[in-house]
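Below is one structure, written out as structure tokens; comments come after it.
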Amino acid sequence: SETSGHIALKILRNEIGTLTTINNIRSLTALLMNKESEQLQKVNGWLQSVENSRILLLNEISRYINPNEMIPKFRLFKLLQQSITHQRSLNLYQFGEEHTHVSLYEDLKSDKSNFPDTIVKTLTDHKDEVWYVQFSHDGTKLVTTSADHQIHVYDVTQDFKKIHTLSGHEKQVMYASFSPDDKRLLTCSIESKARIWNLETGEAEQVISLMGDSRIWCGDWYPNGECFVLGSPDKEIILYDANTGQQIHKWEGPIINDLKISSNCKLIAATYEKNIEVWDLNTKDKLKTIEIGERITSLSVSHRNPNHILINVSPNELQIWDWTRSLLLTKFVGHKQEKYIIRSCYGYDENLVCSGSEDGRVFVWN
């Protein structure tokens with residue numbers, strides 16, 4: 001710009017002029033005043049742009065300086081990036097705000113205003129212990145199951161108005177899973193029957209019975225909603241057609257504590273033998289066995305990366321694994337789970353993990 005050109009001329013005349021000859025000053029002035037001249041640039045070794053010439057000059061200067069004393073290119077920018085990352089890592093509540101402006105003039109301050117720490121609703125419809133809660137995929141519904149054999153479905157958008165009470169299970173209901181389109185609900189109780197409910201009518205579409213006295217502890221849906229699986233503590237995992245209720249395939253072997261189906265059609269199960277087992281639902285073949293070595297009480301699969309699983313490990317740990325590499329990625333501690341089934345989940349676009357605890361508290365980790 002014109003201003004920067006005047007500054008450069010002033011420096012040439014008043015400061016650099018005392019360090020060199022008049023001829024050199026005239027040459028530099030000519031370059032400043034005629035910087036668009038291709039012939040002048042060529043004679044003085046300019047390479048099409050000031051930026052290229054600066055790079056050439058720095059390369060030339062670096063030949064006469066000890067490499068250990070040179071500052072790497074873009075080092076200041078890298079240091080500033082590291083400073084911002086470090087400040088965010090110290091702020092537990094800086095989740096979901098990766099693009100928020102961070103000033104380097106002052107330290108980033110923790111702000112709990114976006115963290116839910118106040119009870120907004122208490123639901124009191126069940127007559128016994130609540131054993132399972134689950135939001136629908138679109139977040140508009142909440143289902144609760146209980147030892148009172150009942151299932152309640154609430155409309156979140158209408159101040160948690162109860163829209164259905166689903167009755168029919170003969171024993172405690174311990175598991176529920178929304179279909180991918182949130183139109184149906186799969187529920188399991190401590191009996192040999194599972195049920196598929198129509199959430200528009202509140203009626204049971206199907207009652208699925210296992211052979212003999214086999215119990216059902218958990219279940220999940222295919223990503224396309226066409227099939228579902230049921231897991232049993234009686235050493236069975238059974239695949240069903242969601243439209244007809246017909247059995248398609250059965251895996252026999254370990255006692256199943258919990259199971260999930262990932263978005264890439266892998267069946268992942270936590271077993272009583274303290275292992276994680278993985279099957280390919282397309283080929284029905286087992287892909288992996290991971291020996292955890294401690295009792296596993298719950299299992300969740302990441303939506304961001306279907307190869308990552310979150311498990312509750314007794315006595316007092318949450319763990320995230322990459323099952324494809326049999327690699328333990330992260331541990332979370334602080335809660336208690338020594339006797340009962342304690343469940344955990346991802347939250348806030350998977351920037352948080354959350355778990356219950358036997359001391360009556362809920363723990364949240366960044």
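The table for this structure:
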quantity	calculated
Some residue of the range 175-195 being among the small types (Gly, Ala, Ser), touching a residue at least 24 places away in the same chain (Cβ under 8 Å) and closer than 22 Å to Asn282 by Cα	yes
Single unsatisfied condition, Glu203 versus (1) of a type outside the set (Lys, Arg); (2) in contact (Cβ under 8 Å) with a residue 12 or more places away in the chain; (3) touching a strand residue (DSSP E or B) at 6+ places or on another chain (Cβ under 8 Å)	(2)
Members of the range 220-247 found to be of a type in the set (Asp, Glu) and surrounded by fewer than 15 Cβ atoms within 10 Å (Cβ to Cβ), listed by number	Glu226, Asp241
Every pair of residues 6+ apart whose Cβ atoms lie under 7 Å, when the first sits in the range 263-292 and is of a type in the set (D, E, K, R) while the second is open to solvent by less than 10 Å² (accessible area, probe 1.4 Å) and part of a loop (DSSP other than H, G, I, E, B)	Lys266/Leu281
Filter result for Asp213 (open to solvent by 60 Å² or more (accessible area, probe 1.4 Å), under 23 Å from Ile341 (Cβ atoms) and part of a loop (DSSP other than H, G, I, E, B))	yes
Qualifying residues in the range 61-77 (those that are surrounded by 10 or more Cβ atoms within 10 Å (Cβ to Cβ) and not hydrophobic (A, V, I, L, M, F, W, C)) - the one farthest from Leu104 (Cα to Cα)	Ser62
Meets criteria (within 21 Å of Leu299 (Cα to Cα) and either in a strand (DSSP E or B) or open to solvent by 60 Å² or more (accessible area, probe 1.4 Å) (or both)) for Ala204	no
Residue check, Tyr346 within 28 Å of Ser136 (Cβ to Cβ), open to solvent by 40 Å² or more (accessible area, probe 1.4 Å) and not in a loop (DSSP other than H, G, I, E, B)	yes
Count of the range 248-283 residues which are polar (S, T, N, Q), open to solvent by less than 30 Å² (accessible area, probe 1.4 Å) and more than 22 Å from Ser314 (Cα to Cα)	1
Residue that is modelled with the lowest pLDDT, among those in the range 180-196 that are outside any loop (DSSP other than H, G, I, E, B) and open to solvent by 10 Å² or more (accessible area, probe 1.4 Å)	Lys193
Residues satisfying the stated conditions in the range 288-304, i.e. closer than 20 Å to Trp221 by Cβ and either at pLDDT 95 or above or in a strand (DSSP E or B) (or both)	Ser298, Leu299, Ser300, Val301, Ser302
Test: Leu104 is in a loop (DSSP other than H, G, I, E, B) and surrounded by fewer than 13 Cβ atoms within 10 Å (Cβ to Cβ)	yes
Selection count, the range 325-337, where residues are in contact (Cβ under 8 Å) with a residue 24 or more places away in the chain and more than 17 Å from the chain's Cα centre (by Cα)	4
Some residue of the range 42-59 being open to solvent by less than 70 Å² (accessible area, probe 1.4 Å), modelled with pLDDT under 80 and touching a strand residue (DSSP E or B) at 6+ places or on another chain (Cβ under 6 Å)	yes
Filter pass, Thr20 being surrounded by 11 or more Cβ atoms within 10 Å (Cβ to Cβ), of a type in the set (Val, Ile, Thr) and at pLDDT below 75	yes
Flag for Met174 being modelled with pLDDT under 95 and under 28 Å from Ile342 (Cβ atoms)	yes
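The values are calculated or read from the model by the stated rules, or taken from the named source; none is laboratory data. What you are looking at is a predicted structure, and each value in this text was computed from that prediction instead of being measured. Positions of Cβ are generated from backbone atoms using ideal geometry, with glycine treated the same way; all protein chains shown enter the neighbour counts. We work out accessible area using only protein heavy atoms, side chains counted, and drop any ligands, DNA or RNA first. Shrake-Rupley method; radii C 1.70, N 1.55, O 1.52, S 1.80 Å.
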